[in-house]
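> Pasting a structure below so you can have a look.
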Protein chains: 2
Amino acid sequence: MSQTLFKVRTIEDSLKIFRESFNFVKFFKNREQLIELIDAYGRVLAEDIVSSENIPGFNRAMVDGFAVKASDTYGASDSLPAYLELVGEIKMSERPSFLLQSGQAVKISTGGMLPEGADAVVMLEYTENLNPTLVEMSRSVASWENVLREDEDIKKEEIVLKKGHQLRPQDIGLLAALGRANIKVFKRPVLAIISTGDEIIPINQKPNPGQVRDVNNFSLGAAVKQMDCIPFYSGIIKDDEKRLGDELQKCLENPEVDLVLISGGSSVGTRDYTLDVLNSIGPPGVLVHGLALKPGKPTILSLNKQKVFIGLPGHPVSALMVFDNLVREIITDLKGETAHFGQRKTVEALLESNIFSEAGREEYVRVVLKHKDGHLWAEPVLGKSGMISNLAKADGCITVGLNQEGLYQGEKVSVTIF
Amino acid sequence: MSQTLFKVRTIEDSLKIFRESFNFVKFFKNREQLIELIDAYGRVLAEDIVSSENIPGFNRAMVDGFAVKASDTYGASDSLPAYLELVGEIKMSERPSFLLQSGQAVKISTGGMLPEGADAVVMLEYTENLNPTLVEMSRSVASWENVLREDEDIKKEEIVLKKGHQLRPQDIGLLAALGRANIKVFKRPVLAIISTGDEIIPINQKPNPGQVRDVNNFSLGAAVKQMDCIPFYSGIIKDDEKRLGDELQKCLENPEVDLVLISGGSSVGTRDYTLDVLNSIGPPGVLVHGLALKPGKPTILSLNKQKVFIGLPGHPVSALMVFDNLVREIITDLKGETAHFGQRKTVEALLESNIFSEAGREEYVRVVLKHKDGHLWAEPVLGKSGMISNLAKADGCITVGLNQEGLYQGEKVSVTIF
């Protein structure tokens, strides 16, 4: 029999217990991977990126116009223009070989390199080319106006991106600018997914009464992909302690698998041998049994020989909710990702009807978003919690906090889009 | 010479012009693809999903307990319990073969099928099993309490997901519940990406002064992947009308390519032959030249023989900003996706300093998000607009509207995370 009592914990406490028990240093040994930049979107950096050069590396014109010494333009205006000697034109990707003298100007395009001696660019529209060697300026420019200086974008030796950063399109662009054709990233976690239960059948079969198709393998697999991790489908295991034990042992020994998601079999009832199995396959065993969460209470968090096993409720809705709130955090840890803003999409909306909840647990309420009277409204989805159609109907979810007893109609709520 | 004047238009107008000119019906012919459900995350449905059965398909117990006739429990309480004859236990995935009679109860687990005659389940914790054939109930239940009726989740013939819906994990779960092992989705758009400019060099080369590495191929490629589309890298084209013309002609004739992104070459200046090329390769030609947008003004939107060509500014920052605001919308159209809530991640924050802007154009201001004094603050990123490091430093972006002349310090702003 299991020695772990069904003692509910908050998500926050559960994560704390996990983080204190897990050996991150050991886990992140040998998790680096050298990949090509072109494949790096969404990956997590395993190195600080230090620039080996100044960017742009030369004083670059930011507009089309004439490169000048700023001091030659001081006081220039429409009524009292400055007149400069035009000494030629700088072509794109050309290194000017001359030194600009006082009283001189040279034509330049956006992106062009300023010659030595020049420290500003007058925009084309404030100039008039009077003859091949004379140009009129009707505006003055300040020193370095319309110029990006050689180290103004990025300085040599500067850390531009930090280890743990998940790469967005603009970061990929920055790495391209630095010439980093290859970068070190962390391996993507592989998550084994197991559905348990005598009543679960493959989705291509027609269920007899009392049977249900295997939803969790599919919905959890998609959620794993959504987090840029790799699902490892382990199929359906009947309610059989021996077979479950064998399967979890296989996952434990498979070095490719980083985390194991078991759905079903975590309710207090006839099937609590999941708990026994998890307490028998390696130390320390079950860390948390029961979350202060609705839906999602019958959840198990176990650590065995440094491998994470999570027993999710069998109900597809509950399983996804626990994934979204507990598993997502743990995966983010295993990705090596430093949390940043905007992990989740949220919108503010007005609550369309009262919600009652018990204090002492968090409650996730699925809502549909609707525009009405110039506002965005969040309308709780009616129906029983086991309904998969409810989750698919919902645009998002609001959280009733641990110590709240409900939310009121008309109240402003933050809706996490899913 | 080009006949199109540089006449700036808003994003909204540009999209309207595009949508009026593009033949969507023709484009969406033959864009369906039958795929396996396991691969369907993020894909866009090309069919309405109609359920061919009732879900759960039988009256299912939602809790562990005893299936009863609700009327047999009316009035039951701690002080006055009801006593029912226990007639057995229903196993998971078993179809009960008997008819429950008045005065009888049968043990049932969550997910089990109620026998004929039963219309409610009394939770285990409100019962006591007095002897093998007698059970005590200390609570009454209403008709259908703790039961999910056979068609309560999904009704046969019900449309559960609509054509144009992008599949989330819960939708994949719903399709699994319906046994849809294969579904029809729209093909993912393929976007050709071309960088133009004599100054652009491959990223593995060391730039000479005046040269810059090819950032846009990489940042735009990543942005295309972020939208679950397929990048088709066409490399770097020198400033040469003939070569650009040949390349665009190739893209036009390639049936695999749905949209062509050309960066650089869209500024008024020496390089406006992009416009001429786009007006020469097929009707109707250039639809929009110039956006009322900062950064992003020198943008071209062209339609040639039903293929979309977009000329983006050469500056990586401007190119990504136009992608994020104009191209993203057009791609969403080509994906066949019906817009839904939460396309973009947004957070509300307080503005840390005043922003001034010209009315008559939209301005995108990059911001860093910071927690301070219990609030989330959006701090505009300083520095010139051509700096790629700025975009990588930023957590998101706020929009100063077309008719706003700025935003004030302390004002609440909506930050689009990127």
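The values are calculated or read from the model by the stated rules, or taken from the named source; none is laboratory data. Note that the structure is a prediction, hence the values are computed from the model and not measured. Virtual Cβ from ideal backbone geometry, glycine too; neighbours counted across all protein chains shown.
> Here are some conditions: (1) within 25 Å of residue A:42 (Cβ to Cβ); (2) within 10 Å of another protein chain (Cβ to nearest Cβ); (3) surrounded by fewer than 16 Cβ atoms within 10 Å (Cβ to Cβ). Residue A:255 meets all but one. Which one does it not meet?
(2)
> For the range A:237-249, indicate whether the set of residues that are within 14 Å of chain B (Cβ to nearest Cβ) and among the small types (Gly, Ala, Ser) is non-empty. It would help to see each step written out before you state the result.
The first filter runs over the range A:237-249 and keeps only residues within 14 Å of chain B (Cβ to nearest Cβ), leaving A:237-240.
Right, trim to among the small types (Gly, Ala, Ser) and you get none.
No, the range A:237-249 contains no residue that is within 14 Å of chain B (Cβ to nearest Cβ) and among the small types (Gly, Ala, Ser).
Yes or no, residue by residue, for (1) in contact (Cβ under 8 Å) with a residue 60 or more places away in the chain; (2) over 17 Å from residue A:331 (Cβ atoms); (3) out of contact with any Cys (no Cβ under 9 Å at 6 or more places or on another chain); (4) part of a loop (DSSP other than H, G, I, E, B):
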position	(1), (2), (3), (4)
A:19	yes, no, yes, no
A:26	yes, yes, yes, no
A:29	no, yes, yes, yes
A:38	no, yes, yes, no
A:41	yes, yes, yes, yes
A:47	yes, yes, yes, yes
A:53	yes, yes, yes, yes
A:57	yes, yes, yes, yes
A:63	yes, yes, yes, yes
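> Can I ask one more? Just wondering, is there one or more residues in the range B:360-368 that are under 27 Å from the mean Cα position of the chain (by Cα), crowded, with 19+ Cβ neighbours inside 10 Å, acidic (Asp, Glu) and under 27 Å from residue B:213 (Cβ atoms)?
No: the range B:360-368 contains no residue that is under 27 Å from the mean Cα position of the chain (by Cα), crowded, with 19+ Cβ neighbours inside 10 Å, acidic (Asp, Glu) and under 27 Å from residue B:213 (Cβ atoms).
> Kindly establish whether residue A:345 is over 23 Å from residue B:168 (Cα atoms) and of a type outside the set (Val, Ile, Thr).
Details: over 23 Å from residue B:168 (Cα atoms): no; of a type outside the set (Val, Ile, Thr): yes.
In short, no.
> Additional query: Do we find that residue A:77 is away from chain B (no Cβ under 13 Å) and over 38 Å from the mean Cα position of the chain (by Cα) in this structure? Outline the logic, then answer.
On the way: away from chain B (no Cβ under 13 Å): yes; over 38 Å from the mean Cα position of the chain (by Cα): yes.
So residue A:77 fits the description; yes.
> State all residues of the range B:296-305 that are within 13 Å of residue B:10 (Cα to Cα) and surrounded by fewer than 20 Cβ atoms within 10 Å (Cβ to Cβ); if no residue qualifies, say none.
Looking only at the range B:296-305, we keep the residues that are within 13 Å of residue B:10 (Cα to Cα), and these are B:296-301.
Residue satisfying the conditions is B:297 alone.
> Still on this structure, I have one more. Of all residues in the range A:166-186, which are buried (at least 19 other Cβ atoms within 10 Å of the Cβ) and either assigned to a loop (DSSP other than H, G, I, E, B) or more than 9 Å from chain B (Cβ to nearest Cβ) (or both)? Please lay out each step first, then the result.
Of the residues in the range A:166-186, the ones buried (at least 19 other Cβ atoms within 10 Å of the Cβ) are A:166-180, A:183, A:185-186.
If the condition is that a residue be buried (at least 19 other Cβ atoms within 10 Å of the Cβ) and either assigned to a loop (DSSP other than H, G, I, E, B) or more than 9 Å from chain B (Cβ to nearest Cβ) (or both), then A:166, A:167, A:168, A:178, A:179, A:180, A:183, A:185, A:186 are the ones that fit.
> Right, something else. Which condition number does residue B:84 fail, the rest of (1) assigned to a loop (DSSP other than H, G, I, E, B); (2) hydrophobic (A, V, I, L, M, F, W, C); (3) surrounded by 21 or more Cβ atoms within 10 Å (Cβ to Cβ) being met?
Exception for residue B:84: condition (1).
> Okay, moving on. Quick one: how many residues across the range A:216-226 are at pLDDT 95 or above and within 7 Å of chain B (Cβ to nearest Cβ)?
6
> Return yes when residue B:230 is away from chain A (no Cβ under 11 Å) and crowded, with 23+ Cβ neighbours inside 10 Å and no when it is not. Give the derivation first.
On the way: away from chain A (no Cβ under 11 Å): yes; crowded, with 23+ Cβ neighbours inside 10 Å: no.
Judged against the criteria, residue B:230 is not a match.
> Follow-up question, since we're still on this one. With respect to residue A:261, is the statement that it is modelled with pLDDT of 95 or more and away from chain B (no Cβ under 12 Å) true? Even if it seems obvious, please write down each step before you answer.
Details: modelled with pLDDT of 95 or more: yes; away from chain B (no Cβ under 12 Å): yes.
Criteria met by residue A:261.
> Related question: Return a yes/no flag: does the range A:280-298 have any residue that is of a type outside the set (S, T, N, Q) and touching a Phe, Trp or Tyr at 6+ places or on another chain (Cβ under 6 Å).
First, pick out the residues of the range A:280-298 that are of a type outside the set (S, T, N, Q): A:281-298.
Next, from what is left, pick out any that are touching a Phe, Trp or Tyr at 6+ places or on another chain (Cβ under 6 Å): A:289-290.
Looking through the range A:280-298, at least one residue is of a type outside the set (S, T, N, Q) and touching a Phe, Trp or Tyr at 6+ places or on another chain (Cβ under 6 Å).
> Ok, one more. Can you tell me which residue in the range B:151-164 is nearest to residue B:67 (Cα to Cα), limited to those that are assigned to a loop (DSSP other than H, G, I, E, B) and facing chain A (nearest Cβ under 9 Å)?
So the first thing to find is which residues in the range B:151-164 are assigned to a loop (DSSP other than H, G, I, E, B), and the list is B:151-153, B:155-158, B:162-164.
After this cut, where a residue has to be facing chain A (nearest Cβ under 9 Å) as well, the list is B:152-153, B:158.
Numbers: B:152: 18, B:153: 20, B:158: 29 Å.
Among them, the one singled out is B:152.
> Check whether at least one residue in the range A:306-324 is under 15 Å from residue A:12 (Cα atoms) and acidic (Asp, Glu), and report yes or no.
yes
> Kindly state which helices (runs of 4 or more DSSP H) lie completely within the range A:215-303 and contain at least 1 residues that are in contact (Cβ under 8 Å) with a residue 12 or more places away in the chain and of a type in the set (Val, Ile, Thr). Walk me through how you get there before you give the answer.
Working: elements: A:216-226, A:241-253, A:273-280.
Correct list: A:216-226, A:273-280.
> Of the residues A:90, A:55, A:17, A:11, which is hydrophobic (A, V, I, L, M, F, W, C) and within 30 Å of residue B:225 (Cβ to Cβ)? It would help to see each step written out before you state the result.
Values: A:90 fails: within 30 Å of residue B:225 (Cβ to Cβ); A:17 fails: within 30 Å of residue B:225 (Cβ to Cβ); A:11 fails: within 30 Å of residue B:225 (Cβ to Cβ).
Of A:90, A:55, A:17, A:11, the one residue that is hydrophobic (A, V, I, L, M, F, W, C) and within 30 Å of residue B:225 (Cβ to Cβ) is A:55.
> Also: Listed residues A:79, A:109; which is polar (S, T, N, Q) and closer than 17 Å to residue A:124 by Cα? Quick ask: steps written out before the conclusion?
Working: A:79 fails: closer than 17 Å to residue A:124 by Cα.
One residue alone meets the criteria, A:109.
> For the range A:61-77, name all the residues that are among the acidic types (Asp, Glu) and either at pLDDT 95 or above or not assigned by TED's automatic domain parsing to the domain that holds residue A:133 (or both).
If we filter the range A:61-77 for residues that are among the acidic types (Asp, Glu), which is where we start, we get A:64, A:72.
A:72, the sole residue that qualifies.
> Among all residue pairs at least 6 apart or on different chains, which show Cβ distances below 6 Å where the first residue, located in the range A:146-170, is under 11 Å from residue B:387 (Cα atoms) and the second is part of a loop (DSSP other than H, G, I, E, B) and hydrophobic (A, V, I, L, M, F, W, C)?
A:148/A:62; A:153/B:387
> Shifting gears a bit: Answer yes or no: is there a residue in the range B:97-105 that is under 40 Å from the mean Cα position of the chain (by Cα) and within 20 Å of residue A:211 (Cα to Cα).
no
> Pick out the one residue from B:122, B:141 that is closer than 12 Å to residue B:66 by Cβ, out of contact with any Asp or Glu (no Cβ under 8 Å at 6 or more places or on another chain), part of a loop (DSSP other than H, G, I, E, B) and assigned by TED's automatic domain parsing to the domain that holds residue B:105.
Values: B:122 fails: part of a loop (DSSP other than H, G, I, E, B).
Selected residue: B:141, the only one of B:122, B:141 that is closer than 12 Å to residue B:66 by Cβ, out of contact with any Asp or Glu (no Cβ under 8 Å at 6 or more places or on another chain), part of a loop (DSSP other than H, G, I, E, B) and assigned by TED's automatic domain parsing to the domain that holds residue B:105.
Residue-by-condition table, conditions (1) within 14 Å of another protein chain (Cβ to nearest Cβ); (2) farther than 30 Å from residue B:218 by Cα; (3) of a type outside the set (Asp, Glu):
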{"residue": "A:23", "(1), (2), (3)": "no, yes, yes"}
{"residue": "A:52", "(1), (2), (3)": "yes, no, yes"}
{"residue": "A:57", "(1), (2), (3)": "yes, no, yes"}
{"residue": "A:97", "(1), (2), (3)": "yes, yes, yes"}
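> With the structure loaded, tell me whether residue B:133 is within 27 Å of residue A:313 (Cβ to Cβ) and out of contact with any Pro (no Cβ under 8 Å at 6 or more places or on another chain) or whether it fails that test.
Answer is no for this residue.
> Now a separate question. Taking only the range B:187-200 into account, find how many residues are in contact with a Lys or Arg (Cβ under 8 Å, 6 or more places away or on another chain) and either more than 8 Å from chain A (Cβ to nearest Cβ) or surrounded by 23 or more Cβ atoms within 10 Å (Cβ to Cβ) (or both). Reasoning before the result, please.
The initial filter retains those residues of the range B:187-200 that are in contact with a Lys or Arg (Cβ under 8 Å, 6 or more places away or on another chain), namely B:187-189, B:196-198, B:200.
The next check asks that each one be either more than 8 Å from chain A (Cβ to nearest Cβ) or surrounded by 23 or more Cβ atoms within 10 Å (Cβ to Cβ) (or both); those that pass are B:187-189, B:196, B:200.
Final tally of qualifying residues: 5.
> Output the number of residues of the range B:94-130 satisfying the condition of being among the hydroxyl-bearing types (Ser, Thr, Tyr), surrounded by 14 or more Cβ atoms within 10 Å (Cβ to Cβ) and farther than 14 Å from residue B:62 by Cα. Spell out the reasoning first.
Just the residues of the range B:94-130 that are among the hydroxyl-bearing types (Ser, Thr, Tyr), to begin with: B:97, B:102, B:109-110, B:126-127.
In the following step, the residues that additionally are surrounded by 14 or more Cβ atoms within 10 Å (Cβ to Cβ) were identified as B:109-110, B:126-127.
If we keep only those that are farther than 14 Å from residue B:62 by Cα too, we end up with B:126-127.
Within the range B:94-130, residues that are among the hydroxyl-bearing types (Ser, Thr, Tyr), surrounded by 14 or more Cβ atoms within 10 Å (Cβ to Cβ) and farther than 14 Å from residue B:62 by Cα number 2.
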